[in-house]
Amino acid sequence: MIPNPTQRFTGRVESYRRYRPGYPPELVERLRRACHLNRDSVVADIAAGTGLLTEIVLAAGFRVTAVEPNAEMRTACDRLTADFPNLEIVEGTAEETGLPDHSIDLITVAQAMHWFDLVRTRAEFRRILKPGGWCAVLYNNRPPAGDAFHEGYERLLHEFGIDYSAVKGQHMGRKQLAAFFAPSPMECATFPNEQSFGLEGLEGRVLSSSYMPQPGHPRFEAMREAIRRLFDQTRTGGRVTMKHDCVVCWGQMG
């Protein structure tokens, strides 16, 4: 486990909110059908961050409790309450959500499962889920190769990332997720998910990652120059396109 994951994004919240990829709304409809959800179902979005996933679940009509340990992230997520009165935001972690026993129909975890203590998290999820409840884990997976932009972006992360390799190594693939759900079966679906950036957006996307240098770091200006070069070399019509496969895997916690 990388130490103190709950505070890694402090100081990056605005970049995270503006430039991280969201999640395709159609995946919520897939989960609605697969997990037998209805208008009364309650969703707990664990490690909700700034609310990128929380927002599309709310927009689909569900009542959501967003659980987030980082104070800056909770403040950013709170902006959603103006449009969605059926949102509750609480301080908590995956291992200690603070939610009542057997109160949740669906748990969602987006881009965060690799930060958790999985043994304690599994026990906590079983505690808060209603009998027959479900859990869905989502990742936006960016291809490290395939064209000049994606290859250059991956090189940039390896060159300037403070602990990029360690964080990348923790990301959970389908085999690890299947072990988390076992002995219950797991199903998965994949949705295409693209972002288009100008130079400012590309810089913001880089700065949203917890392993990249922030202003004041000795390598920050060199990193910014490398971002500009990558943008100039790979842009089309003043933009670059970052592709993702949004993978959602779900199952019960039997």
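Read the figures in this text as sums done on the coordinates, not as results from a lab. As the structure is a prediction and not an experimental result, all values here were calculated from the model. Cβ sites come from the backbone with ideal geometry, for glycine too, and all protein chains shown count toward neighbours.
Calculated [222 nm] ellipticity per residue, helices only, for the chain: -10500 deg cm²/dmol; basis is -39500 (n - 2.57) per DSSP H run with n ≥ 4, divided by all residues, nearest 500. Here the residues PHE84, PHE180, ranked from fewest to most Cβ neighbours within 10 Å of their Cβ, fall in the order PHE84, PHE180.
Across the alpha-carbon atoms of the chain, the computed radius of gyration and Dmax are 18.3, 54 angstrom. Considering only alpha-carbon pairs that sit under 8 angstrom and 6 or more positions apart, the relative contact order computed for the chain is 23 percent.
Taking the centroid of alpha carbons for each part, segment 202-218 and segment 110-181 are 20 Å apart.
For segment 161-254, the spread of Cα positions along the three principal axes, ordered from largest to smallest, is 50, 32, 16 Å. In percent, rounded to a whole number, the relative contact order of segment 29-131 is 29, using alpha-carbon pairs under 8 Å and six or more apart.
Rounded to the nearest 20, the Cβ-based charge dipole of the chain about its Cα centre (Lys and Arg +1, Asp and Glu -1) stands at 380 debye.
How big is the convex hull of the Cα atoms of segment 208-254, per residue, in Å³?
Working: hull volume 5.7 nm³, N = 47.
Each residue corresponds to 121 Å³ of Cα convex hull volume.
Identify unpaired cysteines across the chain, taking unpaired to mean no other cysteine Cβ lies under 4.7 Å from the residue's Cβ. Those would be CYS35, CYS77, CYS135, CYS246, since no other cysteine Cβ in the chain comes under 4.7 Å of theirs.
First select every other residue whose beta carbon is under 12 angstrom from the beta carbon of ALA71; then total the charges, Lys and Arg +1, Asp and Glu -1.
On the way: positive: ARG74; negative: GLU68, GLU72, ASP78, GLU91.
Neighbour charge sum, excluding ALA71 itself: -3.
Helix 118-128 axis versus longest C-alpha principal axis of the chain: approximately 40°, rounded to the nearest ten. Remark on GLU88: its backbone amide H falls under 5 Å from those of VAL64, THR65, ALA66, a criterion applied only to residues 5 or more positions apart or on other chains, H modelled at 1.01 Å from N.
What does the C-alpha gyration tensor say about the overall shape of segment 1-130? Classify as rounded when a/c is under 1.5, otherwise prolate if a/b is larger than b/c, or oblate.
On the way: a/c = 1.60, a/b = 1.12, b/c = 1.42.
In terms of gyration-tensor shape, oblate.
Among residues other than MET186 with Cβ under 15 Å from its Cβ, the summed charge is +3 (Lys and Arg +1, Asp and Glu -1). Among 239-251, 23-35, the peptide with the highest mean count of other Cβ atoms within 10 Å heads the list, and the full ranking is 239-251, 23-35. The angle separating the long axis of helix 148-160 from the principal Cα axis of greatest extent in the chain is about 90 degrees. Sorted into 10 angstrom bins from 0, the C-alpha pair distances of segment 98-230 split as 10, 34, 28, 19, 9, 0 percent.
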